[in-house]
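Everything on this sheet refers to the single structure shown next.
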Amino acid sequence: MNKRDTEIIKGVLSGNGFSFSDKEEDADIILFNTCSVRQHAEERVFGKMGMFIKQKESNPNLILGVIGCMAKFYGKDLFKKLPGLDIICSPGNIHNLKNDLEEVMSKKESISDIKDTILYDKYNCLSIRDSKISAWVSIMEGCENFCSYCVVPYTRGKEISRSLKDILNEVKYLVNEGFKEITLLGQNVNSYSCNGSNFIDLLKLINDKTNIKRIRFTTSHPKDTSSKLFKAMSDLDKVCPHLHLPLQSGSDKILKFMNRKYTSSKYKCLIDNLRKIYPECNITTDIIVGFPTETDKDFRNTYDLMKQIKFDSSFIFKYSPRIKTKAFELEDDVTNSKKKERNNKLLELQNDISFCKNKKYVNKKINVLVEARTNKKIHTKQGSKSLKNYIGRSLDNRLIFLKGSKGLVGKEVEAKIIKATPHTLIAIESNG
Ligand code: SAH
Ligand code: SF4
């Protein structure tokens with residue numbers, strides 16, 4: 001979501017008298033697009049911003065801004081926390097940034113733009129996207145699930161879905177621009193709802209009415225995920241075989257404290273159904289370790305469930321207490337070293353599982369969408385010097401390093417896997 005917002009911010013500012021600098025030292029304006037999900041990310045912003053504020057002593061014209069979730073979360077208090085800050089702007093107002101900056105420059109006063117205005121104004125702005133091949137498309141904003149650890153409902157506001165027509169038009173525009181793949185974005189895409197249409201209707205519409213080659217989506221919440229979705233994924237030819245389905249914990253006690261609204265057995269049932277309906281689907285997850293009151297037994301339940309399910313990959317986070325959330329009222333009673341230990345155990349388990357799964361691809365041929373050239377050296381026995389190094393993704397979202405002929409960026413190619421690591425596959429373009 002934040003990366004998508006950054007693309008919009010770049011679009012809003014470019015061509016409006018602003019240009020981008022590769023080096024912080026050369027910049028007249030420094031904007032941080034921030035995330036509040038974990039405290040560590042916020043601490044880094046405070047640290048770096050503090051440093052830039054010091055630089056203002058020697059360069060008083062330097063303009064400093066905090067954009068995104070931290071702006072919404074702390075509001076005007078940020079001016080007290082970071083005296084010298086010039087601008088704060090919430091995620092819903094980034095389409096105003098050009099005007100905000102001009103006001104700061106002309107009035108020489110700080111401004112706050114945190115009262116969200118009309119929904120989706122920002123999506124009507126031209127963006128500068130990171131990739132020319134694969135694009136994020138926001139289908140909804142906000143979240144009202146109030147998982148007890150999570151700050152998103154306080155930073156991104158109420159859940160609102162974008163209209164089918166707007167989404168469809170954006171995808172058609174992207175196809176015209178040469179994009180091959182889209183990822184539909186929302187905090188909880190399965191609860192997409194607009195004028196009687198649901199998420200499956202949206203998937204069908206994009207699948208049938210556009211020429212995009214690959215459709216992905218993230219994130220799904222287990223409470224709103226059902227066999228209907230799995231069936232649709234399997235039936236719709238452009239929807240890729242990958243589901244990111246955050247588990248968060250394998251302990252029913254912790255899941256209840258987290259307000260996740262499912263049990264570990266309900267989750268396992270979903271996975272069993274998915275594998276029955278769509279066996280080739282890659283399944284990834286998010287896990288939080290060290291949630292308040294998590295005992296060794298609770299952790300064991302998570303470990304055992306992960307061992308049973310065998311996710312293709314997972315993101316593992318150490319619990320980070322966030323002000324305003326329900327869980328903040330609970331004592332953060334799992335020590336940091338315990339969190340680290342549990343984090344490492346899960347990482348080790350996941351590494352073994354991922355490696356095992358990736359090794360099964362060796363000597364197989366798969367379809368790869370080539371996203372970019374890479375400087376990473378790819379060593380292959382077959383490696384002829386004339387071949388180029390590329391990075392791409394398989395249909396099921398595995399990261400592929402590929403050696404192939406000239407001009408492959410943006411193309412779907414057949415590739416033979418010659419080596420596996422826990423997190424990547426190494427491939428060589430195959431000529432049939
Ligand atoms: N809407 C998505 C993603 C939310 S944020 C979802 O429902 O899954 C991405 C991930 O960050 C979450 O899945 C969760 O695992 C993690 N996360 C959120 N808040 C956290 C916190 N306070 N401490 C540690 N991890 C957290
Ligand atoms: Fe946060 Fe839960 Fe909403 Fe995801 S579903 S954004 S974890 S509150």
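What to note about this one:
- In segment 148-162 there is no residue that is more than 27 Å from Ile67 (Cα to Cα) and more than 16 Å from ligand 1 (Cβ to nearest atom).
- Meets criteria (surrounded by fewer than 18 Cβ atoms within 10 Å (Cβ to Cβ) and more than 16 Å from ligand 2 (Cβ to nearest atom)) for Lys165: yes
- Listed by position, the strands (runs of 3 or more DSSP E) enclosed by segment 331-418 that each have at least 3 residues that are surrounded by 18 or more Cβ atoms within 10 Å (Cβ to Cβ) and of a type in the set (A, V, I, L, M, F, W, C) are 365-373, 399-404.
- Candidates Leu247, Leu243, Leu184 - the one that is buried (at least 16 other Cβ atoms within 10 Å of the Cβ), within 16 Å of ligand 2 (Cβ to nearest atom) and either closer than 27 Å to Ile323 by Cβ or of a type in the set (Lys, Arg) (or both): Leu247
- Test for Pro321: is it touching an Asp or Glu at 6+ places or on another chain (Cβ under 6 Å) and under 14 Å from Asp252 (Cα atoms): no
- Residues (of a type in the set (A, V, I, L, M, F, W, C) and either part of a helix (DSSP H, G or I) or more than 15 Å from Val334 (Cβ to Cβ) (or both)) located in segment 298-318: Phe299, Leu305, Met306, Ile309, Phe311, Phe315
- Within segment 266-277, residues that are in contact (Cβ under 8 Å) with a residue 24 or more places away in the chain have Cβ atoms under 8 Å from residues that are part of a helix (DSSP H, G or I) and among the aliphatic types (A, V, I, L, M) in these pairs: Tyr267/Leu305; Lys268/Leu305; Lys268/Ile309; Ile271/Ile309, counting only partners at least 6 apart in sequence or on another chain.
- For segment 14-50, taking the residues that are within 26 Å of Tyr149 (Cα to Cα) and charged (D, E, K, R), the one that is farthest from the chain's Cα centre (by Cα) is identified as Lys48.
- Here Lys324 passes the criteria (1) surrounded by fewer than 17 Cβ atoms within 10 Å (Cβ to Cβ); (2) touching a residue at least 40 places away in the same chain (Cβ under 8 Å); (3) more than 16 Å from ligand 2 (Cβ to nearest atom) except the one numbered (3).
Every number here is computed from the coordinates shown, using simple stated rules; none is lab data. Everything numeric here is computed off the predicted structure, so don't read it as measured data. All Cβ positions, glycine included, derive from the backbone under ideal geometry; neighbour counts span all protein chains shown.
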